[in-house]
1. By how many nm would the segment from Ser331 to Lys285 grow when fully extended, if each residue of separation counts as 0.36 nm and the alpha-carbon distance is taken off?
2. Note down the accessible area of Ser87, probe 1.4 Å, to the nearest 10 Å².
3. Between helix 27-52 and the chain, what is the angle of the helix's C-alpha long axis to the longest principal axis, kept within 0 to 90° and rounded to the nearest 10?
4. Given the pairs Lys67/Lys128; Lys237/Lys285; Lys31/Lys421; Lys274/Lys404; Lys292/Lys443; Lys205/Lys422, which are separated by over 24 angstrom at their Cα positions?
5. What FRET efficiency, computed as 1/(1 + (r/R0)^6) with R0 = 25 Å and r the Cβ-Cβ distance, is obtained for Thr105 and Lys274, rounded to the nearest 0.05?
6. For Lys491, which lysines qualify as cross-link partners when the Cα separation must be under 24 Å and same-chain residues fewer than eight apart are set aside?
7. Could you give the accessible area per residue of the chain, probe 1.4 Å, as a whole number in Å²?
8. Just subtract the alpha-carbon distance of Thr493 and Ile511 from 0.36 nm times their residue separation and send over the number in nm, one decimal.
Amino acid sequence: MTSNEQRAQLQRQIWQIANDVRGAVDGWDFKQYVLGALFYRFISENFALHIEGGDANTHYTSFNDKKILDETKEEAIKTKGYFIYPSQLFINVVACANTNPNLNTDLANIFSAIESSAHGYPSENAIKGLFADFDTTSNRLGNTVADKNTRLNAVLKGVAGINFGSFENNQIDLFGDAYEFLISNYAANAGKSGGEFFTPQSVSKLIAKIATHGQTKVNKIYDPAAGSGSLLLQVKKQFDSHIIQDGFFGQEINHTTYNLARMNMFLHNINYDKFNIRLGNTLLKPEFIHEKPFDAIVSNPPYSVSWIGKDDPTLINDERFAPSGVLAPKSKADFAFVLHCLNYLSSKGRAAIVCFPGIFYRGGAEQKIRKYLIDNNYIETIISLAPNLFFGTSIAVNILVLSKHKANTQTQFIDASRLFKKETNNNILTPEHIENIITIFDKKEDITHIAKSVDMDMIINNEYNLSVSSYIEAKDTREVIDINKLNAELKTTVTKIDKLRADIDDIVAQIETHQ
(Lines give C-alpha, C1' and ligand atoms only; values in the text may rest on other atoms or scores of the structure.)
Protein backbone atom coordinates (compact mmCIF):
# COMPACT_ATOMS: atom_id res chain seq x y z
CA MET A 1 0.00 0.00 0.00
CA THR A 2 1.42 3.41 -0.99
CA SER A 3 1.69 6.32 1.43
CA ASN A 4 -1.17 8.14 -0.30
CA GLU A 5 -3.38 5.03 -0.02
CA GLN A 6 -2.47 4.62 3.66
CA ARG A 7 -3.20 8.28 4.32
CA ALA A 8 -6.58 8.07 2.57
CA GLN A 9 -7.44 4.91 4.51
CA LEU A 10 -6.46 6.54 7.81
CA GLN A 11 -8.69 9.52 7.05
CA ARG A 12 -11.64 7.27 6.20
CA GLN A 13 -11.22 5.36 9.45
CA ILE A 14 -10.97 8.52 11.56
CA TRP A 15 -14.07 9.92 9.87
CA GLN A 16 -15.92 6.69 10.61
CA ILE A 17 -14.97 6.98 14.29
CA ALA A 18 -16.20 10.58 14.21
CA ASN A 19 -19.54 9.42 12.82
CA ASP A 20 -19.85 6.87 15.61
CA VAL A 21 -19.50 9.55 18.31
CA ARG A 22 -21.18 12.38 16.39
CA GLY A 23 -23.48 14.59 18.39
CA ALA A 24 -21.77 13.89 21.69
CA VAL A 25 -18.20 15.12 21.46
CA ASP A 26 -17.21 18.49 20.03
CA GLY A 27 -14.83 17.99 17.12
CA TRP A 28 -11.95 19.72 18.87
CA ASP A 29 -12.38 17.55 21.99
CA PHE A 30 -12.81 14.46 19.83
CA LYS A 31 -9.32 15.09 18.44
CA GLN A 32 -7.83 14.45 21.88
CA TYR A 33 -9.57 11.08 22.19
CA VAL A 34 -8.41 9.82 18.79
CA LEU A 35 -4.81 10.95 19.29
CA GLY A 36 -4.82 9.61 22.87
CA ALA A 37 -6.10 6.23 21.69
CA LEU A 38 -3.43 6.10 18.97
CA PHE A 39 -0.80 6.81 21.60
CA TYR A 40 -2.22 4.21 24.01
CA ARG A 41 -2.16 1.57 21.28
CA PHE A 42 1.39 2.46 20.25
CA ILE A 43 2.98 2.32 23.70
CA SER A 44 1.14 -0.94 24.41
CA GLU A 45 2.48 -2.60 21.24
CA ASN A 46 5.91 -1.10 21.69
CA PHE A 47 6.11 -2.24 25.31
CA ALA A 48 4.95 -5.79 24.49
CA LEU A 49 7.62 -6.05 21.79
CA HIS A 50 10.25 -4.96 24.31
CA ILE A 51 9.22 -7.60 26.86
CA GLU A 52 9.05 -10.33 24.21
CA GLY A 53 12.56 -9.49 23.04
CA GLY A 54 12.01 -10.79 19.53
CA ASP A 55 10.98 -14.27 20.69
CA ALA A 56 8.13 -15.39 18.39
CA ASN A 57 6.99 -17.92 20.99
CA THR A 58 6.57 -15.31 23.73
CA HIS A 59 3.26 -13.43 23.87
CA TYR A 60 3.16 -10.80 26.57
CA THR A 61 -0.57 -10.26 26.00
CA SER A 62 -1.25 -13.67 27.59
CA PHE A 63 1.00 -13.20 30.63
CA ASN A 64 -0.49 -13.21 34.13
CA ASP A 65 -0.17 -9.83 35.87
CA LYS A 66 0.58 -11.46 39.21
CA LYS A 67 3.51 -13.46 37.83
CA ILE A 68 5.44 -10.42 36.59
CA LEU A 69 8.74 -10.31 38.44
CA ASP A 70 9.83 -7.12 40.20
CA GLU A 71 13.15 -7.30 38.33
CA THR A 72 11.30 -7.38 35.00
CA LYS A 73 9.29 -4.32 35.95
CA GLU A 74 12.36 -2.47 37.17
CA GLU A 75 14.32 -3.17 33.99
CA ALA A 76 11.42 -2.15 31.77
CA ILE A 77 10.87 1.18 33.50
CA LYS A 78 14.58 2.03 33.35
CA THR A 79 14.65 1.18 29.63
CA LYS A 80 11.26 2.27 28.29
CA GLY A 81 10.40 4.82 30.96
CA TYR A 82 7.10 3.22 32.01
CA PHE A 83 5.42 -0.13 32.73
CA ILE A 84 2.21 -1.71 31.42
CA TYR A 85 0.79 -4.93 32.85
CA PRO A 86 -0.60 -7.46 30.34
CA SER A 87 -4.19 -6.80 31.38
CA GLN A 88 -3.62 -3.07 30.75
CA LEU A 89 -2.48 -3.51 27.14
CA PHE A 90 -4.60 -1.81 24.48
CA ILE A 91 -5.40 -5.08 22.69
CA ASN A 92 -6.69 -6.73 25.88
CA VAL A 93 -8.81 -3.74 26.86
CA VAL A 94 -10.32 -3.49 23.37
CA ALA A 95 -11.17 -7.20 23.32
CA CYS A 96 -13.84 -6.78 26.00
CA ALA A 97 -14.55 -3.06 25.67
CA ASN A 98 -18.10 -3.44 24.34
CA THR A 99 -19.16 -5.64 27.28
CA ASN A 100 -17.24 -3.85 30.04
CA PRO A 101 -19.67 -1.79 32.19
CA ASN A 102 -16.70 -0.09 33.88
CA LEU A 103 -14.75 0.76 30.70
CA ASN A 104 -14.45 4.47 31.41
CA THR A 105 -13.16 4.07 34.97
CA ASP A 106 -10.97 1.10 34.04
CA LEU A 107 -9.29 3.22 31.36
CA ALA A 108 -8.80 6.08 33.81
CA ASN A 109 -7.15 3.69 36.28
CA ILE A 110 -4.92 2.18 33.57
CA PHE A 111 -3.71 5.58 32.40
CA SER A 112 -3.03 6.62 35.99
CA ALA A 113 -1.10 3.39 36.61
CA ILE A 114 1.08 3.85 33.52
CA GLU A 115 1.97 7.40 34.56
CA SER A 116 2.54 6.36 38.20
CA SER A 117 4.89 3.56 37.14
CA ALA A 118 7.53 6.18 36.30
CA HIS A 119 7.30 7.89 39.68
CA GLY A 120 10.76 8.22 41.22
CA TYR A 121 12.54 7.25 37.99
CA PRO A 122 14.45 9.51 35.55
CA SER A 123 11.55 9.22 33.09
CA GLU A 124 8.99 10.70 35.52
CA ASN A 125 8.82 14.15 33.92
CA ALA A 126 8.55 12.67 30.43
CA ILE A 127 5.59 10.45 31.41
CA LYS A 128 3.69 12.53 33.98
CA GLY A 129 0.32 13.82 32.77
CA LEU A 130 0.53 12.31 29.29
CA PHE A 131 -3.09 11.13 29.42
CA ALA A 132 -4.47 14.26 31.08
CA ASP A 133 -6.54 15.22 28.04
CA PHE A 134 -7.94 11.71 27.55
CA ASP A 135 -10.61 12.28 30.19
CA THR A 136 -12.67 9.08 30.18
CA THR A 137 -15.08 10.33 32.84
CA SER A 138 -15.90 13.64 31.17
CA ASN A 139 -19.52 14.59 30.50
CA ARG A 140 -18.38 15.53 27.02
CA LEU A 141 -18.63 11.81 26.27
CA GLY A 142 -22.21 11.60 27.49
CA ASN A 143 -24.31 12.12 30.59
CA THR A 144 -24.49 8.48 31.64
CA VAL A 145 -21.79 5.86 32.16
CA ALA A 146 -23.37 3.77 29.42
CA ASP A 147 -23.12 6.68 26.95
CA LYS A 148 -19.51 7.31 27.90
CA ASN A 149 -18.62 3.65 27.45
CA THR A 150 -20.38 3.43 24.09
CA ARG A 151 -18.36 6.29 22.69
CA LEU A 152 -15.07 5.22 24.23
CA ASN A 153 -15.63 1.76 22.76
CA ALA A 154 -16.21 3.34 19.32
CA VAL A 155 -12.94 5.27 19.53
CA LEU A 156 -10.93 2.26 20.76
CA LYS A 157 -12.42 -0.11 18.17
CA GLY A 158 -11.79 2.42 15.41
CA VAL A 159 -8.14 2.87 16.34
CA ALA A 160 -7.77 -0.92 16.72
CA GLY A 161 -8.99 -1.28 13.13
CA ILE A 162 -6.05 0.65 11.71
CA ASN A 163 -3.99 -2.05 10.04
CA PHE A 164 -0.72 -0.66 8.71
CA GLY A 165 1.64 -3.16 10.32
CA SER A 166 3.97 -1.85 13.02
CA PHE A 167 3.77 1.84 13.82
CA GLU A 168 7.42 2.53 13.07
CA ASN A 169 7.46 0.73 9.71
CA ASN A 170 4.36 2.15 8.04
CA GLN A 171 4.67 4.48 5.05
CA ILE A 172 3.14 7.53 6.74
CA ASP A 173 3.47 9.47 9.97
CA LEU A 174 0.34 8.09 11.67
CA PHE A 175 0.20 10.63 14.47
CA GLY A 176 1.11 13.62 12.30
CA ASP A 177 -1.27 12.64 9.53
CA ALA A 178 -4.10 11.98 11.98
CA TYR A 179 -3.49 15.31 13.72
CA GLU A 180 -3.30 17.18 10.39
CA PHE A 181 -6.55 15.60 9.18
CA LEU A 182 -8.37 16.34 12.43
CA ILE A 183 -7.21 19.96 12.50
CA SER A 184 -8.15 20.56 8.87
CA ASN A 185 -11.64 19.20 9.51
CA TYR A 186 -12.35 20.67 12.92
CA ALA A 187 -10.22 23.73 13.67
CA ALA A 188 -12.10 26.15 11.42
CA ASN A 189 -15.53 24.82 12.37
CA ALA A 190 -14.79 24.88 16.08
CA GLY A 191 -13.35 28.38 15.90
CA LYS A 192 -10.06 27.14 17.31
CA SER A 193 -6.66 28.50 16.36
CA GLY A 194 -5.33 25.11 15.33
CA GLY A 195 -2.70 26.55 13.02
CA GLU A 196 -0.59 27.82 15.90
CA PHE A 197 -0.28 24.29 17.29
CA PHE A 198 0.74 22.48 14.15
CA THR A 199 3.08 23.21 11.25
CA PRO A 200 1.99 21.32 8.11
CA GLN A 201 4.38 18.53 7.21
CA SER A 202 5.50 20.02 3.90
CA VAL A 203 6.47 23.33 5.54
CA SER A 204 8.09 21.46 8.46
CA LYS A 205 10.26 19.56 6.01
CA LEU A 206 11.45 22.78 4.35
CA ILE A 207 12.25 24.43 7.69
CA ALA A 208 14.09 21.33 8.95
CA LYS A 209 16.18 21.10 5.78
CA ILE A 210 17.15 24.77 6.02
CA ALA A 211 18.10 24.60 9.71
CA THR A 212 20.32 21.55 9.19
CA HIS A 213 21.66 22.45 5.74
CA GLY A 214 25.33 21.59 5.31
CA GLN A 215 25.68 19.96 8.75
CA THR A 216 26.70 16.32 9.12
CA LYS A 217 25.85 16.27 12.81
CA VAL A 218 24.27 18.57 15.36
CA ASN A 219 24.67 18.72 19.12
CA LYS A 220 21.06 19.48 20.06
CA ILE A 221 17.84 20.51 18.32
CA TYR A 222 15.55 23.12 19.85
CA ASP A 223 12.10 24.62 19.32
CA PRO A 224 11.06 27.42 21.72
CA ALA A 225 7.38 27.12 20.70
CA ALA A 226 7.29 23.37 20.18
CA GLY A 227 3.56 22.86 19.57
CA SER A 228 2.93 19.18 18.84
CA GLY A 229 6.64 18.59 18.12
CA SER A 230 6.22 18.30 14.35
CA LEU A 231 9.19 20.56 13.55
CA LEU A 232 11.57 18.74 15.89
CA LEU A 233 10.53 15.42 14.40
CA GLN A 234 11.14 16.62 10.86
CA VAL A 235 14.72 17.42 11.87
CA LYS A 236 15.03 13.83 13.13
CA LYS A 237 13.99 12.59 9.70
CA GLN A 238 16.74 14.65 8.04
CA PHE A 239 19.33 13.07 10.31
CA ASP A 240 18.23 9.44 10.37
CA SER A 241 21.54 8.38 8.83
CA HIS A 242 23.62 10.91 10.76
CA ILE A 243 24.12 11.81 14.38
CA ILE A 244 22.03 13.90 16.74
CA GLN A 245 24.31 13.89 19.73
CA ASP A 246 22.27 15.16 22.66
CA GLY A 247 18.66 14.94 21.59
CA PHE A 248 15.55 17.08 21.19
CA PHE A 249 14.56 20.07 23.32
CA GLY A 250 11.43 22.16 23.29
CA GLN A 251 9.21 24.43 25.36
CA GLU A 252 5.44 24.81 24.93
CA ILE A 253 3.00 27.11 26.74
CA ASN A 254 -0.23 25.22 25.94
CA HIS A 255 -0.74 22.24 28.27
CA THR A 256 -2.71 20.10 25.79
CA THR A 257 -0.17 20.63 23.04
CA TYR A 258 2.69 20.03 25.45
CA ASN A 259 1.22 16.58 26.11
CA LEU A 260 0.87 15.94 22.37
CA ALA A 261 4.51 16.86 21.80
CA ARG A 262 5.69 14.33 24.39
CA MET A 263 3.38 11.67 22.94
CA ASN A 264 4.78 12.44 19.51
CA MET A 265 8.34 11.83 20.71
CA PHE A 266 7.43 8.36 22.00
CA LEU A 267 5.46 7.60 18.83
CA HIS A 268 8.58 8.27 16.77
CA ASN A 269 10.73 5.96 18.93
CA ILE A 270 12.58 8.80 20.64
CA ASN A 271 13.16 7.42 24.12
CA TYR A 272 12.54 9.49 27.25
CA ASP A 273 16.28 10.06 27.77
CA LYS A 274 16.65 11.57 24.27
CA PHE A 275 14.07 14.34 24.51
CA ASN A 276 13.25 17.10 26.96
CA ILE A 277 9.96 18.95 26.39
CA ARG A 278 8.97 21.40 29.11
CA LEU A 279 5.82 23.36 29.86
CA GLY A 280 6.00 27.12 30.29
CA ASN A 281 6.24 30.62 28.82
CA THR A 282 9.40 30.79 26.72
CA LEU A 283 9.60 34.58 26.67
CA LEU A 284 9.12 35.15 30.42
CA LYS A 285 10.38 31.90 31.95
CA PRO A 286 12.78 30.35 29.43
CA GLU A 287 13.96 26.80 30.00
CA PHE A 288 17.26 25.20 28.87
CA ILE A 289 19.43 28.19 29.77
CA HIS A 290 22.15 25.78 30.84
CA GLU A 291 21.70 23.52 27.81
CA LYS A 292 22.29 26.18 25.15
CA PRO A 293 23.70 26.80 22.57
CA PHE A 294 21.93 24.69 19.95
CA ASP A 295 23.22 23.83 16.48
CA ALA A 296 19.73 23.68 14.96
CA ILE A 297 16.70 25.76 15.95
CA VAL A 298 13.32 25.44 14.26
CA SER A 299 10.21 27.34 15.22
CA ASN A 300 6.74 28.46 14.21
CA PRO A 301 5.90 30.84 17.09
CA PRO A 302 2.41 32.36 17.40
CA TYR A 303 1.96 35.36 15.11
CA SER A 304 1.69 38.82 16.70
CA VAL A 305 0.83 37.48 20.15
CA SER A 306 0.70 39.99 23.02
CA TRP A 307 3.27 39.94 25.82
CA ILE A 308 4.21 42.10 28.78
CA GLY A 309 7.10 43.77 26.94
CA LYS A 310 8.21 47.13 28.32
CA ASP A 311 5.73 46.89 31.21
CA ASP A 312 8.32 44.62 32.81
CA PRO A 313 11.41 46.90 33.20
CA THR A 314 13.66 43.93 33.96
CA LEU A 315 13.26 42.45 30.46
CA ILE A 316 15.42 45.11 28.79
CA ASN A 317 18.34 43.75 30.85
CA ASP A 318 17.64 40.15 29.79
CA GLU A 319 20.64 38.87 27.82
CA ARG A 320 18.31 37.82 25.01
CA PHE A 321 16.87 41.30 24.42
CA ALA A 322 19.46 43.72 25.82
CA PRO A 323 21.81 43.71 22.78
CA SER A 324 19.14 45.16 20.49
CA GLY A 325 18.48 47.99 22.94
CA VAL A 326 14.72 47.69 22.56
CA LEU A 327 11.92 45.23 23.31
CA ALA A 328 9.43 43.89 20.80
CA PRO A 329 6.09 45.80 20.96
CA LYS A 330 3.61 44.67 23.64
CA SER A 331 1.03 43.77 20.99
CA LYS A 332 3.49 41.96 18.72
CA ALA A 333 5.97 39.58 20.37
CA ASP A 334 7.28 38.17 17.07
CA PHE A 335 10.74 39.68 17.37
CA ALA A 336 10.97 38.61 21.02
CA PHE A 337 10.90 35.00 19.79
CA VAL A 338 13.46 35.85 17.08
CA LEU A 339 15.88 37.39 19.59
CA HIS A 340 15.35 34.44 21.93
CA CYS A 341 16.30 32.04 19.13
CA LEU A 342 19.37 34.11 18.25
CA ASN A 343 20.54 33.98 21.86
CA TYR A 344 20.16 30.18 21.97
CA LEU A 345 21.90 29.61 18.60
CA SER A 346 25.43 28.20 18.41
CA SER A 347 28.20 29.82 16.37
CA LYS A 348 27.98 27.10 13.70
CA GLY A 349 24.22 26.61 13.64
CA ARG A 350 21.15 27.98 11.90
CA ALA A 351 17.71 28.98 13.09
CA ALA A 352 14.76 28.77 10.69
CA ILE A 353 11.73 30.66 12.01
CA VAL A 354 8.25 31.11 10.51
CA CYS A 355 7.40 34.82 10.74
CA PHE A 356 4.47 37.15 10.09
CA PRO A 357 5.40 39.36 7.09
CA GLY A 358 4.59 42.63 8.85
CA ILE A 359 7.61 42.47 11.13
CA PHE A 360 9.90 42.99 8.14
CA TYR A 361 8.64 46.44 7.13
CA ARG A 362 6.91 48.07 10.12
CA GLY A 363 8.60 50.96 11.92
CA GLY A 364 9.22 51.70 15.59
CA ALA A 365 10.78 49.05 17.82
CA GLU A 366 10.61 46.41 15.10
CA GLN A 367 12.68 48.58 12.75
CA LYS A 368 15.30 49.05 15.52
CA ILE A 369 15.50 45.28 16.04
CA ARG A 370 15.93 44.76 12.27
CA LYS A 371 18.75 47.32 12.40
CA TYR A 372 20.46 45.34 15.16
CA LEU A 373 20.13 42.07 13.23
CA ILE A 374 21.43 43.55 9.96
CA ASP A 375 24.23 45.64 11.48
CA ASN A 376 25.52 42.51 13.22
CA ASN A 377 25.08 40.38 10.09
CA TYR A 378 22.81 37.74 11.65
CA ILE A 379 20.22 37.41 8.87
CA GLU A 380 21.20 34.94 6.17
CA THR A 381 17.96 34.62 4.19
CA ILE A 382 14.30 35.67 4.14
CA ILE A 383 11.93 33.49 2.13
CA SER A 384 8.43 34.53 1.12
CA LEU A 385 6.10 31.50 0.87
CA ALA A 386 2.76 31.01 -0.88
CA PRO A 387 -0.49 31.87 0.90
CA ASN A 388 -2.83 29.32 2.51
CA LEU A 389 -0.15 26.79 3.49
CA PHE A 390 -1.17 26.74 7.16
CA PHE A 391 -4.34 25.62 8.93
CA GLY A 392 -6.41 28.44 10.37
CA THR A 393 -4.79 31.25 8.39
CA SER A 394 -4.40 32.16 4.71
CA ILE A 395 -1.46 34.49 5.38
CA ALA A 396 1.55 34.17 3.09
CA VAL A 397 4.20 33.78 5.79
CA ASN A 398 7.96 34.23 5.59
CA ILE A 399 10.82 32.07 6.82
CA LEU A 400 13.60 33.98 8.57
CA VAL A 401 16.98 32.23 8.58
CA LEU A 402 19.47 33.33 11.24
CA SER A 403 23.16 32.46 11.19
CA LYS A 404 26.25 33.49 13.13
CA HIS A 405 28.72 32.19 10.58
CA LYS A 406 27.92 34.01 7.34
CA ALA A 407 30.69 34.16 4.73
CA ASN A 408 29.78 37.73 3.65
CA THR A 409 27.57 40.67 4.64
CA GLN A 410 24.87 40.06 2.06
CA THR A 411 21.29 39.05 2.88
CA GLN A 412 19.49 36.69 0.53
CA PHE A 413 15.84 37.23 -0.43
CA ILE A 414 13.80 34.45 -2.05
CA ASP A 415 10.32 34.83 -3.51
CA ALA A 416 8.81 31.32 -3.38
CA SER A 417 5.23 32.56 -3.43
CA ARG A 418 4.47 30.86 -6.73
CA LEU A 419 5.70 27.46 -5.56
CA PHE A 420 2.68 25.53 -4.31
CA LYS A 421 0.18 22.84 -5.22
CA LYS A 422 -3.51 23.44 -4.67
CA GLU A 423 -5.28 20.78 -2.59
CA THR A 424 -8.82 20.57 -1.20
CA ASN A 425 -8.52 22.92 1.77
CA ASN A 426 -4.97 24.20 1.70
CA ASN A 427 -2.00 24.68 -0.55
CA ILE A 428 1.03 22.42 -0.04
CA LEU A 429 4.71 22.38 -0.96
CA THR A 430 5.63 19.33 -3.02
CA PRO A 431 9.02 17.61 -2.60
CA GLU A 432 10.06 19.26 -5.87
CA HIS A 433 9.15 22.70 -4.53
CA ILE A 434 11.15 22.06 -1.35
CA GLU A 435 14.24 20.90 -3.24
CA ASN A 436 13.96 23.90 -5.56
CA ILE A 437 13.93 26.31 -2.62
CA ILE A 438 16.84 24.51 -0.91
CA THR A 439 18.90 24.65 -4.11
CA ILE A 440 18.30 28.40 -4.44
CA PHE A 441 19.09 28.89 -0.74
CA ASP A 442 22.33 26.94 -1.10
CA LYS A 443 23.69 28.54 -4.26
CA LYS A 444 22.93 32.15 -3.28
CA GLU A 445 22.71 33.08 -6.97
CA ASP A 446 20.54 35.91 -8.26
CA ILE A 447 17.55 34.71 -10.30
CA THR A 448 15.28 37.25 -11.93
CA HIS A 449 11.93 37.54 -10.13
CA ILE A 450 12.93 34.76 -7.67
CA ALA A 451 16.14 35.38 -5.71
CA LYS A 452 18.55 38.20 -4.96
CA SER A 453 21.47 38.65 -2.55
CA VAL A 454 21.54 42.23 -1.32
CA ASP A 455 24.48 44.19 0.13
CA MET A 456 24.16 45.55 3.64
CA ASP A 457 24.50 49.15 2.39
CA MET A 458 21.45 48.77 0.16
CA ILE A 459 19.37 47.54 3.10
CA ILE A 460 20.61 50.39 5.29
CA ASN A 461 19.73 52.93 2.58
CA ASN A 462 16.29 51.33 2.42
CA GLU A 463 15.83 52.06 6.16
CA TYR A 464 16.20 48.38 7.09
CA ASN A 465 13.12 47.32 5.21
CA LEU A 466 13.40 43.54 4.84
CA SER A 467 10.26 42.86 2.86
CA VAL A 468 11.05 40.41 0.05
CA SER A 469 9.03 42.46 -2.44
CA SER A 470 11.32 45.46 -1.81
CA TYR A 471 14.24 43.64 -3.42
CA ILE A 472 12.68 41.19 -5.87
CA GLU A 473 10.53 42.55 -8.66
CA ALA A 474 7.44 40.42 -9.11
CA LYS A 475 7.05 38.81 -12.50
CA ASP A 476 4.39 40.52 -14.61
CA THR A 477 2.02 37.70 -15.47
CA ARG A 478 -0.45 39.90 -17.31
CA GLU A 479 -1.10 39.14 -20.97
CA VAL A 480 1.15 41.08 -23.34
CA ILE A 481 -0.96 43.18 -25.70
CA ASP A 482 0.23 44.08 -29.23
CA ILE A 483 -1.01 47.68 -29.59
CA ASN A 484 -0.56 47.80 -33.38
CA LYS A 485 -2.51 44.58 -33.79
CA LEU A 486 -5.19 45.82 -31.42
CA ASN A 487 -5.51 49.13 -33.34
CA ALA A 488 -5.84 47.23 -36.61
CA GLU A 489 -8.56 45.03 -35.11
CA LEU A 490 -10.37 48.08 -33.77
CA LYS A 491 -10.18 49.78 -37.18
CA THR A 492 -11.66 46.71 -38.85
CA THR A 493 -14.38 46.49 -36.20
CA VAL A 494 -15.28 50.18 -36.58
CA THR A 495 -15.51 49.73 -40.38
CA LYS A 496 -17.84 46.77 -39.90
CA ILE A 497 -19.99 48.75 -37.44
CA ASP A 498 -20.20 51.69 -39.86
CA LYS A 499 -21.26 49.40 -42.70
CA LEU A 500 -23.82 47.69 -40.44
CA ARG A 501 -25.28 51.07 -39.44
CA ALA A 502 -25.52 52.12 -43.14
CA ASP A 503 -27.28 48.84 -43.98
CA ILE A 504 -29.74 49.38 -41.13
CA ASP A 505 -30.41 52.97 -42.31
CA ASP A 506 -31.15 51.67 -45.84
CA ILE A 507 -33.58 49.05 -44.49
CA VAL A 508 -35.35 51.64 -42.33
CA ALA A 509 -35.62 54.03 -45.34
CA GLN A 510 -37.12 51.32 -47.52
CA ILE A 511 -39.70 50.47 -44.83
CA GLU A 512 -40.69 54.13 -44.47
CA THR A 513 -41.02 54.49 -48.32
CA HIS A 514 -43.47 51.55 -48.51
CA GLN A 515 -45.70 52.86 -45.68
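1. 14.7 nm
2. Around 70 Å² of this residue is reachable by solvent.
3. Between the helix axis and the principal axis of the chain, the angle is about 50 degrees.
4. Too far apart for the 24 Å limit: Lys67/Lys128; Lys237/Lys285; Lys31/Lys421; Lys274/Lys404; Lys292/Lys443.
5. Efficiency, rounded to the nearest 0.05: 0.15.
6. Lys499
7. In whole numbers, the chain has 47 Å² accessible per residue.
8. Taking 0.36 nm per residue and subtracting the Cα distance, the gain is 3.8 nm.
The values are calculated or read from the model by the stated rules, or taken from the named source; none is laboratory data. Note that this is a predicted model, so its numbers are computed, not measured. Here the Cβ is made from the backbone with ideal geometry for all residues, glycine too, and neighbour counts use every protein chain on show. Just so you know, the surface numbers come from the protein's heavy atoms only, side chains and all, with ligands and any DNA or RNA stripped out. Shrake-Rupley method; radii C 1.70, N 1.55, O 1.52, S 1.80 Å.
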